[in-house]
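To start, the structure under review is shown below, and the notes come after it.
Every number in this text was worked out from the coordinates using simple rules, so none of it is lab data. What you are looking at is a predicted structure, and each value in this text was computed from that prediction instead of being measured. Cβ placement follows ideal geometry from the backbone for every residue including glycine, while neighbour counts extend to all protein chains displayed.
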Amino acid sequence: MPNITKRINKDGSASYLIRVYVDITGNGHQVIKSMTWRPADNMKPSAVEKELNRQATLFEDKLKQGLISVGGAVHFGDYAREWIELQPIAPKTRELYLGLMDRITTAIGHIRLDKLTAHHLEQFYKNLSEPGVRQRAEYAVTNKLAEIMKKQIISGAALARKAGVSGTTLTAAKKGDHIRPAKAEAICKALNCPLDKLFTLKRDEKCLTGNTIAHYHRFISAVLMTAKKQRLVSFNVASEQCTPPKIEHKEAKYLDDNQARQFLGALINTTDIRVKTSLILLLFSGMRCGELLGLSWPDIDFEKKMIHIRRSSQVQKGKGVTEAPTKNKFSVRDVRLSSFVFELLAQYRVWWNEHRLQYGADWKGEKERLFIQDNGLPLYPDTINSWLKKVLERYSLPYITPHSLRHTFCTLELAAGTDYKTLQSLSGHAQASTLVNNMAMCLKAHSERPQTP
């Protein structure tokens, strides 16, 4: 029970000393923790009494939960890191949040939770939008890589494996696009070539996008929401007082009816059955790319022509490709597909089994994943993106991402008369509003773009 003592200050105003006896060490030895509370000048006696009791109870609860340090302060940075460790979030999300903590710790990590203001957050967001704030301050470019690879007679796949980089990174480097300095160093080491002979390091002066800054805001708001529930703060300054960063609404990318037909025709003529099967599945099912790469052969029901989506696949830092849960509980679903798709899957399974037999003892696949690297290991999402890009370029179709095929699927289903509720179930959206908003953006973009002849 808190002990409250009223004190009269030199200026005649009143303040209250709130003291609580707590066992911090857990060995029965109690110590006194105290705080001072001062009411506003215009508060009525009844309001003072009510707020004083609330402050005393709040202070006692904080101490009992161990959320006030010996010095009486909880800094936002310390609390946020503890929040990341304790929250039941996906490993990839935890990795993302820990990455955000670098800038957060520097800017606002030292501020006490109860002293954090909207001004602190808005100034932080403003600083994030300034040029040069990007953490990757340097990038590497080259126009000599293809020439050196030719001289050393080494293929792209072999060099990627030797350097420990993805095929997409190597393709970008060969084209002269910028890559991370660490990746450039790994490529040079694999080629036994000095970094300064092959790559040029340049300064990255780009600022963070509005969408990236919004990630910071949502994370900070989630942390403060928990702090409010634990009564560490009386309100969530991020969601209740702060002006959030503006989010850039880009045109939703997808293929219209004619483009989708051209794309399907291009895939049917593709000789690589892995490319053909993976991209046709994305187009006909509306799966997320991670869900596609999480599929195993036991998930394919040839008799009922049904695909069971039960897991996802993601890349984790230091762990490579790992199995992960689906995005949400609504993403666990069964999708019925046409005979055409299952005929293609049957052909692909024949190729898959023959390919595994060819590798013999060198096969490294463990869970019968559908889409694999040559040796059976799980496929990287970047590879799907690379396959898609090559098909689009070969047939002069507009650039889209694998996720754009999901938008294409939803748009075509709506055009065919599928209602939103059914489409929500097919696509695994958690909320119908998300689907409606996405489709509204697609339809708006469709009405504004020139129609394909």
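Just a few scattered comments:
- Formal net charge of residues neighbouring Ile4 (Cβ-Cβ distance under 14 Å; K, R +1; D, E -1): +4
- Spin-label model distance (nm) - Leu96 vs Leu201, 7 Å beyond Cα toward Cβ: 3.0 nm
- Gained length - Glu147 relative to Asn3, 0.36 nm times residue gap less alpha-carbon distance: 43.9 nm
- Fewest-first ranking of Ile104, Ile384, using other Cβ atoms within 10 Å as the exposure measure: Ile104, Ile384
- Value of relative contact order over region 321-406, rounded to a whole percent, pairs C-alpha under 8 Å and six or more apart: 17 percent
- Counting every alpha-carbon pair across the chain, the share separated by more than 43 Å comes to 32%.
- Across region 377-394, computed HN-Hα scalar couplings (Karplus, 6.51 cos²θ - 1.76 cosθ + 1.60, θ = phi - 60°) run 5, x, 7, 7, x, 4, 5, 4, 4, 5, 4, 4, 4, 5, 5, 4, 5, 5 Hz from first to last residue, x flagging Gly and Pro.
- Debye intensity ratio I(q)/I(0), log10, region 138-203, q values 0.12, 0.26 Å⁻¹ (C-alpha model): -0.22, -1.20
- Contact order, relative form, for the chain: 12 percent (alpha carbon pairs under 8 Å, 6 or more residues apart, mean separation divided by residue count).
- Positive dipole terminus of the chain, leading residue within Phe340, Pro88, Asn3 (C-beta point charges): Asn3
- 3J(HN,Hα) along region 145-151: 4, 4, 5, 5, 4, 5, 5 Hz, from the Karplus curve 6.51 cos²θ - 1.76 cosθ + 1.60 with θ = phi - 60°, whole Hz, x for Gly and Pro.
- Using only side-chain charges placed at the Cβ, +1 for Lys and Arg and -1 for Asp and Glu, the dipole size of region 230-375 relative to its Cα centre rounds to 460 debye.
- Sorting the segments 376-383, 80-87 by their mean number of nearby beta carbons within 10 angstrom, highest to lowest, gives 376-383, 80-87.
- Phi-based couplings in Hz for region 74-89 (Karplus 6.51, -1.76, 1.60; Gly and Pro marked x): 10, 7, 4, x, 5, 5, 5, 5, 5, 4, 4, 6, 8, 6, x, 10
- With a threshold of 20 Å on the Cα-Cα distance, the over-threshold entries among Lys6/Lys62; Lys150/Lys174; Lys174/Lys389 are Lys6/Lys62.
- Shape category assigned to region 270-393 from the gyration tensor of Cα positions, a/c cut at 1.5: rounded
- From its DSSP helices (H runs of at least four residues, each -39,500 (n - 2.57)), the chain gives a residue-normalised ellipticity at 222 nm of -15500 deg cm²/dmol.
- Look at Phe199, Phe59 and count the other Cβ atoms within 10 Å of each Cβ; fewest to most, that gives Phe59, Phe199.
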